[in-house]
Amino acid sequence: MKYVIGIGGVTNGGKTTLTNKLIKSLPNCCVVHQDDFFKKPDQIEVGEDGFRQWDVITALDMDAMVNTIRGWSENPVKFAHSHGVNVSPSTEVADPEQQIHILIVEGFLLYNYRPLMDVYNKCYYISIPYEECKRRRSTRQYTVPDPPGLFEGHVWPMYLKHRNEMVESCLDIAYLDGLKSEEGIYSQVYEDIQNTLLNRL
């Protein structure tokens, strides 16, 4: 059985932290990070707001991301091996349909791209308030540093715009409070996934 989990949300909301905790506790679990598909800085357009448009879907090579997810779907065991993920020994010999293979797709624009809408079995979305998001963002060191005013002038407005689009898409999304403790968020999501998997077996 193949099972795809989306972990989306606002920048610095805790997506990667949650993903890393889940990878360690879920069986045969691989991950695709949306951030790995950013285009090169010189390919990122400058918008009307005066900033390079990092927080929009065109800043990402979404075709490559979809192909990566498709590669997992076609052969999760091969994908796991090529990404250094250990699969349980029984997976090699047992009926593939009896084995659980999990893919976590993690990123800030997971639910705004039509070709990915039907991929997820379960969707989560982490939110935090403006002030907390700005505080966390200011402590991060990015490969391409944030220029002054980027958060207020581009990052947050784009987050609100994409969140509204996502809500209107009517996807079944479980919303998570990013102000809760890391352990609290993890426990909530892990239990939910376990219950869902048990119901599907």
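The values are calculated or read from the model by the stated rules, or taken from the named source; none is laboratory data. All values reported here derive from a predicted model rather than from experimental measurement. Note that we place each Cβ from the backbone using ideal geometry, even for glycine, and neighbour counts take in every protein chain shown. Protein only, heavy atoms only, side chains kept; ligands, DNA and RNA dropped before computing areas. Shrake-Rupley method; radii C 1.70, N 1.55, O 1.52, S 1.80 Å.
Conditions: (1) without any contact (Cβ under 8 Å) to a residue 40 or more places away in the chain; (2) among the charged types (D, E, K, R); (3) farther than 29 Å from residue 70 by Cα. Residue 182 meets all but one. Number of the miss?
(1)
Take the residues in the stretch 161-176 that are open to solvent by 70 Å² or more (accessible area, probe 1.4 Å) and over 16 Å from the mean Cα position of the chain (by Cα), then tell me which one is modelled with the lowest pLDDT.
Out of the qualifying residues, it is 170.
Which one is most open to solvent (accessible area, probe 1.4 Å) among residues in the stretch 103-142 that are of a type in the set (S, T, N, Q) and touching a Phe, Trp or Tyr at 6+ places or on another chain (Cβ under 9 Å)?
Our first condition is that a residue be of a type in the set (S, T, N, Q); within the stretch 103-142, this holds for 112, 121, 127, 138-139, 141.
When the remaining residues are screened for being touching a Phe, Trp or Tyr at 6+ places or on another chain (Cβ under 9 Å), the result is 121, 127, 138.
Numbers: 121: 70, 127: 26, 138: 89 Å².
Selected residue: 138.
Inside the stretch 34-60, can you point out the residues that are crowded, with 16+ Cβ neighbours inside 10 Å and not hydrophobic (A, V, I, L, M, F, W, C)?
Hits for the stretch 34-60 are 34, 52, 53, 55.
Do any helices (runs of 4 or more DSSP H) lying entirely in the stretch 86-194 carry at least 2 residues that are aromatic (Phe, Trp, Tyr), and which ones are they?
156-168
Please go through the stretch 62-75 and pick out each residue that is open to solvent by 20 Å² or more (accessible area, probe 1.4 Å) and in contact with a strand residue (DSSP E or B) (Cβ under 8 Å, 6 or more places away or on another chain).
Scanning the stretch 62-75 gives 68, 73.
Look at the stretch 4-55 and say how many of its residues are of a type in the set (Phe, Trp, Tyr), in contact (Cβ under 8 Å) with a residue 24 or more places away in the chain and assigned to a strand (DSSP E or B). Explain how you work it out, then say what you get.
From the stretch 4-55, those of a type in the set (Phe, Trp, Tyr) are 37-38, 51, 54; that's our starting set.
From what's left, in contact (Cβ under 8 Å) with a residue 24 or more places away in the chain: 37, 51, 54.
Right, trim to assigned to a strand (DSSP E or B) and you get none.
Counting residues in the stretch 4-55 that are of a type in the set (Phe, Trp, Tyr), in contact (Cβ under 8 Å) with a residue 24 or more places away in the chain and assigned to a strand (DSSP E or B) gives 0.
Within the stretch 2-14, identify whether any single residue is of a type in the set (Phe, Trp, Tyr) and within 16 Å of residue 146 (Cα to Cα), and answer yes or no. Walk me through how you get there before you give the answer.
We begin by selecting, within the stretch 2-14, every residue of a type in the set (Phe, Trp, Tyr); these are 3.
Pick out the ones that are also within 16 Å of residue 146 (Cα to Cα) and you get none.
No, that holds for no residue.
Suppose we filter 44, 69 for residues that are among the aliphatic types (A, V, I, L, M) and under 30 Å from residue 1 (Cβ atoms); which single one remains?
Matching residue, one of 44, 69: 69.
Looking only at the stretch 15-29, which residues are modelled with pLDDT of 95 or more and open to solvent by less than 30 Å² (accessible area, probe 1.4 Å)?
15, 18, 19, 22
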